1. Take the conditions in a loop (DSSP other than H, G, I, E, B), under 19 Å from T109 (Cα atoms) and without any contact (Cβ under 8 Å) to a residue 24 or more places away in the chain and apply them to G42. Does it pass?
2. Kindly check whether there is at least one residue in region 53-60 that is assigned to a strand (DSSP E or B), surrounded by fewer than 21 Cβ atoms within 10 Å (Cβ to Cβ) and touching a Phe, Trp or Tyr at 6+ places or on another chain (Cβ under 7 Å).
3. Taking the conditions exactly as written (assigned to a strand (DSSP E or B), of a type in the set (A, V, I, L, M, F, W, C), touching a strand residue (DSSP E or B) at 6+ places or on another chain (Cβ under 8 Å) and at pLDDT below 95), does V32 satisfy them or not?
4. Residues being of a type outside the set (F, W, Y), in a strand (DSSP E or B), open to solvent by less than 60 Å² (accessible area, probe 1.4 Å) and out of contact with any Cys (no Cβ under 6 Å at 6 or more places or on another chain): count how many of those fall in region 82-105.
5. On the basis of being closer than 18 Å to E6 by Cβ, at pLDDT below 95 and over 15 Å from the mean Cα position of the chain (by Cα), does R71 make the cut?
6. Working only within region 1-16, note down all residues that are open to solvent by 60 Å² or more (accessible area, probe 1.4 Å) and either assigned to a loop (DSSP other than H, G, I, E, B) or not polar (S, T, N, Q) (or both).
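The values are calculated or read from the model by the stated rules, or taken from the named source; none is laboratory data. Being a predicted model, the structure only gives us computed values, none of them experimental. Note that each Cβ is placed from the backbone with ideal geometry, even for glycine, and that neighbours are counted across all protein chains shown. Heads up: the accessible areas ignore ligands, DNA and RNA and are worked out on the full protein's heavy atoms, side chains in. Shrake-Rupley method; radii C 1.70, N 1.55, O 1.52, S 1.80 Å.
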Amino acid sequence: QVQLVESGGGLVQAGGSLRLSCAASGSILSIVDMGWYRQAPGKQRELVATITSVGSRNYADSVKGRFSISRDIARNTVYLQMNSLKPEDTGVYYCYALRGATDFWGQGTQVTVSS
C-alpha cells in the first residue's frame, strides 16, 4: 500500500498563489507517476498535472502557464505550485500515485479561490 498525505490548501483571492504538497509513504518503490487531480462541486474529477519518475510533465490546458508540478524523489514528495489562481480553480485537490497497474489517492485538500 501507498499512503499519500496532502497539505497546503486554503482560501486565496483571485490572482494569488498556493503551493500544494503530497508526501508518499509505505510501499513507494516502483511508483511511476505522481500528480494531482481536482474535483469541483457537481463536477467530475479532472486531471490537473502529472509527473513521471523521469520528470516528464503533463498539464491540463486550463492550468498551463499558471501551475507547475515538481517531484522530490529523495523526499517522496510531489508539489503543485499554483499561480494566478482563478475562481474556477476552486475544488478539492487530490494527490495520486501510480505503482504498476494500481493507483493510490490522498484524502484531498480544499482550494478555494475568491473573486
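1. On the way: in a loop (DSSP other than H, G, I, E, B): yes; under 19 Å from T109 (Cα atoms): yes; without any contact (Cβ under 8 Å) to a residue 24 or more places away in the chain: yes.
Yes; evaluated as a whole, the condition is true for this residue.
2. Yes: one or more hits.
3. Numbers: assigned to a strand (DSSP E or B): yes; of a type in the set (A, V, I, L, M, F, W, C): yes; touching a strand residue (DSSP E or B) at 6+ places or on another chain (Cβ under 8 Å): yes; at pLDDT below 95: yes.
The answer is yes for V32.
4. As a first pass, look at region 82-105 and keep what is of a type outside the set (F, W, Y): 82-92, 95, 97-103.
Add one more test, that the residue is in a strand (DSSP E or B), and what stays is 82, 91-92, 95, 97-99, 102-103.
If we keep only those that are open to solvent by less than 60 Å² (accessible area, probe 1.4 Å) too, we end up with 82, 91-92, 95, 97-98.
From what's left, out of contact with any Cys (no Cβ under 6 Å at 6 or more places or on another chain): 82, 91-92, 97-98.
Matching residues across region 82-105 total 5.
5. Working: closer than 18 Å to E6 by Cβ: yes; at pLDDT below 95: yes; over 15 Å from the mean Cα position of the chain (by Cα): no.
When the stated conditions are applied, R71 does not pass them.
6. The answer is Q1, V5, L11.
Yes/no per residue for (1) closer than 19 Å to A60 by Cα; (2) within 15 Å of the chain's Cα centre (by Cα):
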| position | (1), (2) |
| --- | --- |
| L4 | no, yes |
| S17 | yes, yes |
| G35 | yes, yes |
| P41 | yes, no |
